[in-house]
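The values are calculated or read from the model by the stated rules, or taken from the named source; none is laboratory data. Computed from a predicted structure; not experimentally measured. Cβ sites come from the backbone with ideal geometry, for glycine too, and all protein chains shown count toward neighbours. For accessibility, only protein heavy atoms count, side chains too; no ligands or nucleic acids. Shrake-Rupley method; radii C 1.70, N 1.55, O 1.52, S 1.80 Å.
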Number of protein chains: 4
Amino acid sequence: MIRVCVMGAAGYLGGELLRLLLGHPGTEVARAVSTRFPGRRVDSVHPNLRGRTALAFSSPDDLDACDVLLMATPHRTTMTLLPEVRRHARTVIDLSGDFRLPDAAVYERYYGVPHAAPELLGEFVPGVPELFRAELAGADLISVPGCTATAAILALRPLAGLVGPDVQIDARTGSSGSGALAGDANLHAERSGAMRVFAPVRHRHEAEVSRLTGLNARMTATGVEAVRGVQVVCHATGAADERTLRRAYREHYGGEPFVRIVAHRTGAHRLPDPKLLSGSNYCDVGFAADGDRITAIAALDNLVKGGAGAAVQCLNVRTGQPETLGLEFPGLHPI
Amino acid sequence: MIRVCVMGAAGYLGGELLRLLLGHPGTEVARAVSTRFPGRRVDSVHPNLRGRTALAFSSPDDLDACDVLLMATPHRTTMTLLPEVRRHARTVIDLSGDFRLPDAAVYERYYGVPHAAPELLGEFVPGVPELFRAELAGADLISVPGCTATAAILALRPLAGLVGPDVQIDARTGSSGSGALAGDANLHAERSGAMRVFAPVRHRHEAEVSRLTGLNARMTATGVEAVRGVQVVCHATGAADERTLRRAYREHYGGEPFVRIVAHRTGAHRLPDPKLLSGSNYCDVGFAADGDRITAIAALDNLVKGGAGAAVQCLNVRTGQPETLGLEFPGLHPI
Amino acid sequence: MIRVCVMGAAGYLGGELLRLLLGHPGTEVARAVSTRFPGRRVDSVHPNLRGRTALAFSSPDDLDACDVLLMATPHRTTMTLLPEVRRHARTVIDLSGDFRLPDAAVYERYYGVPHAAPELLGEFVPGVPELFRAELAGADLISVPGCTATAAILALRPLAGLVGPDVQIDARTGSSGSGALAGDANLHAERSGAMRVFAPVRHRHEAEVSRLTGLNARMTATGVEAVRGVQVVCHATGAADERTLRRAYREHYGGEPFVRIVAHRTGAHRLPDPKLLSGSNYCDVGFAADGDRITAIAALDNLVKGGAGAAVQCLNVRTGQPETLGLEFPGLHPI
Amino acid sequence: MIRVCVMGAAGYLGGELLRLLLGHPGTEVARAVSTRFPGRRVDSVHPNLRGRTALAFSSPDDLDACDVLLMATPHRTTMTLLPEVRRHARTVIDLSGDFRLPDAAVYERYYGVPHAAPELLGEFVPGVPELFRAELAGADLISVPGCTATAAILALRPLAGLVGPDVQIDARTGSSGSGALAGDANLHAERSGAMRVFAPVRHRHEAEVSRLTGLNARMTATGVEAVRGVQVVCHATGAADERTLRRAYREHYGGEPFVRIVAHRTGAHRLPDPKLLSGSNYCDVGFAADGDRITAIAALDNLVKGGAGAAVQCLNVRTGQPETLGLEFPGLHPI
């Protein structure tokens, strides 16, 4: 059994990690750490776990030795915690934004504060098994990309060599990405039915996408009506026709367990839609071409493939277990 | 021009009052009072009013003489403010729960605190023109019922004499009823798609309904997915058939400008549904019978006929203007 | 391996059966029968199964011998099919309404047509393991109750002896219960955000509830904004306090794998809410008391515990497999 | 009184025209024509008009002389009807797509059929008062642009001279744009919560946008969870900073009654969001810049400023009435 601790376990990503790990036949949750709710039952905060666990949250002081430490703590906080807590675990998998970028200056540009542990930035392997499977098998520090970044990276990677360097990404996100502590702007009455362009330019995930695709990515992001779910629509320039595109996507993803190519000519489900993916670890990718323009599309559940699921997938790779273990839920239709 | 001041103008009911009063040809908004945002533009908080007003919020200290003072301040606060501020206006219309019940002991039972101005409780006329039109024409103190109470009162009044004394009311409400300051439980991710039974027994509006219908009302309330909108389904016992019921509703509401009888045998819109009523001042009422059971149904927009619209309707009656003035918006379909 | 055939496999319940059975370690799907789409790939209709199966729909003529035949065909059609197709299987589990009532006259009253196979009505065991586990272990004909009926039966059973005979059930349902072939009234623009009282009196499930609880049940039903999910709020009369109620529910459900008691005093998740249950086989039950009134509440996913999941649970019981096999998904939060 | 006939009056745009015209002090609805429902009451199809009108639908044979004929008939049908019915009216305002493009070959490319009345194509004035106010004052044939086209045109017009020729438009739309006769793909269970990219490339409105902005517009469109509402996010290249952009938008729209500039640095309502606009005739426009990239954003209600409201605004201009008459509803918040 892989012994696992989760920090930030009372948040939405923390809850999703607990759901996956408690149902995973190869892992044991040693600690679910929360600074807000130490001592309180986990299922009082994550009510979907009622009947599944009697676990209570631990205080950060009770962190114990484990095989894998999962950090679901906030951006800007994680970088101050990690240097201290990493000694408890052989492998640390970070779900925050703090170790995604290799360059402290770029970090500061997008996160607005200097980095607290710049010396560690270069040591993290990105938590994208589709790109870094071999490296992840031996990694001690793993950083899972942002949810829209993972979607855009998987949508765009097959286009390398087929498109010009500039890509415009239009991301749409559900409300759970703002976390369980979001303020008045995320009240139901305010957020329900909104199309809220919260990042008209320079969404912070564009730096990650540029890094891992080699493209010059710009990202706009809009909150739409959904709790879970991310979709990216990426606009690029290139002359490839749809047949060429299909071949490229198949070459990249033909053997991937969690990337499906969804690019039909007709039908309500012809292209990737996160509506189908709640709870699943799939990232669906699709494409279309019109003359010199190429549109690439991806969808995922931001809390699963865009966070906790990707982390468990990395854990499986790192610990030598079957990559899909504990991640078999296929998603629901209709929902 | 009727000179009007609004207290609690930054809340949802306050915003709805401003929308109605700024579009009303017979009223002038002298003050929009907010303790949170004095000096800030009204349209920065109520963005639907952009381009409609350059008004800024006033501090409570700047309250000025007016014809009608509208109180959209919170329960428990209003009863401490009202004795002091009422001198500024000829007529006060209160939208809070503080002056709806004539009995301080009943108030304490439902609101959990002793009443701060029990001597005023008996002086308020209920803000239900369909029942108290004549009294409202001369009233100096008016108290608008709760949103689910108004719906239930209008649904049940025609049944007097046709049903037994006990009635079970099942209320469903949108999230705007919780106000603009609601906490974590009303985050979009938590509240979206919920069916949250927040009052399985003894909803506080049941006392108002019992008082104004003469029935022994019990009320259960569930928050469902909607921002605006209240629906009540009332279960009573009685032998009247649907023809008798229709006659009773027609007698009560045949001449009412804001109560529509909606009771068809088939069709998607056969019975009252708040989906059709957003922004409108209608209360739709309907009914059905099966043997010895009678079901009465009503729907309204909680911020309009369930609050601000009812208040403006009362203002019109009190100030001798046409009762429908400023309240003509019919609602949208589809929406 | 249990060999299973599904009829009506292209509908919503059929798709949910396929999702559960394809992920079930003890079953093999021999046929997925559809009259509409014979020959077409299953995942073209149920896109959540992409990457999970290469199965295509069969024509009804290709039905083959199997251990368990699951009928997800429409009401009124199933009773004409079943006498013919039952010879293919040792056990038939019917998810339609056609064999839920033991009396042809009651059937005709609620379904509007005479029953086509009245001689079979008495042979079916209700598909409620919580009530009929022993009988189901040997049953050859099983009839799964309606979704709101299952919820109401599980909510009310512990109240036997504690309440008077009359109970008023208020059911709220999502849109998936209308099926994949619903007409204009279920267009998104019409159904979105609705509170549509489609059965103000005499919902057809009330007969099933009366039968299995021994109470005199009346049921009203309203479509609210949700795709999946059923909630019932049941109003009864009785003097039991909450402590007595809790003891009764614990006695009934303390050992049940799929019934959870959810009855807290505070919190957003204090009482059963189907929002938490999408994809899970739980039925959450709760209660509250006020004087002589008792409110009982239940929630479930209409396509799982209210249909396909209950059928698989019965299949597990009937075939001697662990009752929870293939039904482990806990549901998501937030969603 | 302006005498008006509406063809296609039973559809969603037809219903919205009736709502606006019945509430308009300067118009009289002479005929509401429907081929589906002749003789049936208008409020049986448009239930928000209950209590507002006793009008019944007319058959197309009963079309009568009028000042303005409004065509809310389907694409491809309208071009066959118009040559015949235009003799009934001095002015025809067409809301379909059939007369938006001046070139029959471009029409055929986007609509898939040859044009039936190509000789009329050059005679229509686009129904965009912000661009063609003078021409509209004397126009006999007016063609209202598509909903996403109007949004994009108003978002992009101020950028002429500030951006390069290529613009990528990302449009998001609600379900009402598919009309009241949409098929299975628009069932609530399928469409609810979707992010459905129905036009990954070459949305048909791009031709209109290119024509009226002088840019080379490409448009992608996604259906998101909403009934009403369109938002466009337009990506262009140019060096203008936000101050320059603001000046450009103010120059274009400073005096416009229905275009508001919404471009704040922070806040939940910082940029245009159709959530605020249901029922209103506003088109909100905003912008942001980052280096050499410019993002322009617009939002509107597709049935009002994107259709029926624009038509009434054109009618007002054409008939010499105040441009805002009958279009005063400001929209709701929260909703």
Inset, instruction - All but one of (1) in contact with a Pro (Cβ under 8 Å, 6 or more places away or on another chain); (2) away from every other protein chain (no Cβ under 11 Å); (3) open to solvent by 10 Å² or more (accessible area, probe 1.4 Å) hold for B:Gln313, so report the exception by its number. - result: (3)
Legend entry - Number of the exception - B:Ala298 against (1) open to solvent by less than 10 Å² (accessible area, probe 1.4 Å); (2) among the aliphatic types (A, V, I, L, M); (3) not in a strand (DSSP E or B): (3)
Legend entry - Cross-chain or 6+ apart pairs with Cβ under 9 Å, the range C:298-327 first and closer than 9 Å to C:Asn281 by Cα and among the basic types (Lys, Arg), then at pLDDT 95 or above and assigned to a helix (DSSP H, G or I): C:Lys305/C:Cys147; C:Lys305/C:Thr150; C:Lys305/C:Ala151; C:Lys305/C:Leu154; C:Lys305/C:Gln313
Legend entry - Tally, over the range D:52-74, of residues that are surrounded by fewer than 21 Cβ atoms within 10 Å (Cβ to Cβ) and out of contact with any Lys or Arg (no Cβ under 9 Å at 6 or more places or on another chain): 4
Legend entry - Leading residue by the ranking (most open to solvent (accessible area, probe 1.4 Å)) among those in the range D:249-274 that are among the basic types (Lys, Arg) and modelled with pLDDT of 95 or more: D:Arg250
Inset, instruction - Taking only the range B:287-335 into account, find how many residues are farther than 30 Å from B:Cys5 by Cβ and of a type outside the set (S, T, N, Q). - result: 16
Inset, instruction - Spot the failing condition for A:Thr80; the list is (1) open to solvent by 60 Å² or more (accessible area, probe 1.4 Å); (2) hydroxyl-bearing (Ser, Thr, Tyr); (3) part of a loop (DSSP other than H, G, I, E, B), and only one is missed. - result: (3)
Inset, instruction - Taking B:Phe329 as the residue in question, decide whether it is open to solvent by 10 Å² or more (accessible area, probe 1.4 Å) and within 22 Å of the chain's Cα centre (by Cα). - result: yes
Inset, instruction - Could you tell me which of the residues A:Ala236, A:Ala226 is among the aliphatic types (A, V, I, L, M), in contact with a Gly (Cβ under 9 Å, 6 or more places away or on another chain) and more than 8 Å from every other protein chain (Cβ to nearest Cβ)? - result: A:Ala236
Legend entry - Candidate set: the range A:193-217, residues that are facing chain D (nearest Cβ under 8 Å) and open to solvent by less than 20 Å² (accessible area, probe 1.4 Å); chosen: the one nearest to A:Ala105 (Cα to Cα): A:Pro200
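Report yes if some residue within the range D:252-259 is in contact with a helix residue (DSSP H, G or I) (Cβ under 8 Å, 6 or more places away or on another chain), on the phi > 0 side of the Ramachandran plot and assigned to a loop (DSSP other than H, G, I, E, B); otherwise report no. Steps first, answer last, please.
First, pick out the residues of the range D:252-259 that are in contact with a helix residue (DSSP H, G or I) (Cβ under 8 Å, 6 or more places away or on another chain): D:252-253, D:256, D:258-259.
Narrowing further to those that are on the phi > 0 side of the Ramachandran plot: none.
Within the range D:252-259, not a single residue is in contact with a helix residue (DSSP H, G or I) (Cβ under 8 Å, 6 or more places away or on another chain), on the phi > 0 side of the Ramachandran plot and assigned to a loop (DSSP other than H, G, I, E, B).
Per-residue answers, yes or no, for (1) in a helix (DSSP H, G or I); (2) at pLDDT below 95; (3) more than 25 Å from D:Gly229 (Cβ to Cβ):
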{"residue": "D:Val4", "(1), (2), (3)": "no, no, yes"}
{"residue": "D:Ala9", "(1), (2), (3)": "no, no, no"}
{"residue": "D:Leu18", "(1), (2), (3)": "yes, no, no"}
{"residue": "D:Leu21", "(1), (2), (3)": "yes, no, no"}
{"residue": "D:Asp43", "(1), (2), (3)": "yes, no, no"}
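Output yes when any residue across the range B:182-199 is under 15 Å from the mean Cα position of the chain (by Cα) and within 30 Å of B:Arg86 (Cα to Cα), and no when none is.
Residues of the range B:182-199 that are under 15 Å from the mean Cα position of the chain (by Cα), as a first pass: none.
No, the range B:182-199 contains no residue that is under 15 Å from the mean Cα position of the chain (by Cα) and within 30 Å of B:Arg86 (Cα to Cα).
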Legend entry - Residue match in the range D:285-297 (condition: without any contact (Cβ under 8 Å) to a residue 40 or more places away in the chain, of a type in the set (D, E, K, R) and more than 8 Å from chain A (Cβ to nearest Cβ)): no
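For residues in the range C:36-51 being closer than 20 Å to C:Pro74 by Cα and open to solvent by 40 Å² or more (accessible area, probe 1.4 Å), which is farthest from the other protein chains (Cβ to nearest Cβ)?
Just the residues of the range C:36-51 that are closer than 20 Å to C:Pro74 by Cα, to begin with: C:36-38, C:42, C:45-46.
This time we only want the ones that are open to solvent by 40 Å² or more (accessible area, probe 1.4 Å), so: C:36-38.
Details: C:Arg36: 11, C:Phe37: 13, C:Pro38: 18 Å.
Residue satisfying both the conditions and the ranking: C:Pro38.
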Legend entry - Check on C:Arg204, on the phi < 0 side of the Ramachandran plot and in contact with a Phe, Trp or Tyr (Cβ under 9 Å, 6 or more places away or on another chain): yes
Inset, instruction - Could you tell me which numbered condition D:Gln231 fails, if it satisfies all but one of (1) within 20 Å of D:Glu130 (Cα to Cα); (2) more than 10 Å from chain A (Cβ to nearest Cβ); (3) not in a loop (DSSP other than H, G, I, E, B)? - result: (2)
Legend entry - Filtered residues of the range B:110-134 (kept if touching a residue at least 60 places away in the same chain (Cβ under 8 Å) and open to solvent by 60 Å² or more (accessible area, probe 1.4 Å)): B:Arg133
Inset, instruction - Given the conditions (1) touching a Pro at 6+ places or on another chain (Cβ under 7 Å); (2) in a strand (DSSP E or B), report the number of the one that D:Tyr249 does not fulfil. - result: (2)
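Please determine, by comparing only the residues of the range C:146-181 that are among the β-branched types (Val, Ile, Thr) and under 20 Å from B:Gly193 (Cβ atoms), which one is most open to solvent (accessible area, probe 1.4 Å).
Going residue by residue through the range C:146-181, those that are among the β-branched types (Val, Ile, Thr) are C:148, C:150, C:153, C:163, C:167, C:169, C:173.
Going one step further and asking which of them are under 20 Å from B:Gly193 (Cβ atoms), we end up with C:148, C:173.
Details: C:Thr148: 2, C:Thr173: 18 Å².
Filtering first and then ranking leaves C:Thr173.
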Legend entry - Check on A:Leu187, within 9 Å of another protein chain (Cβ to nearest Cβ) and open to solvent by 30 Å² or more (accessible area, probe 1.4 Å): no
Inset, instruction - Output the residues belonging to the range C:45-72 that are part of a loop (DSSP other than H, G, I, E, B), at pLDDT 95 or above and either closer than 16 Å to C:Cys5 by Cβ or among the small types (Gly, Ala, Ser) (or both). - result: C:Gly51, C:Thr53, C:Ala54, C:Leu55, C:Phe57, C:Ser59, C:Ala65, C:Ala72
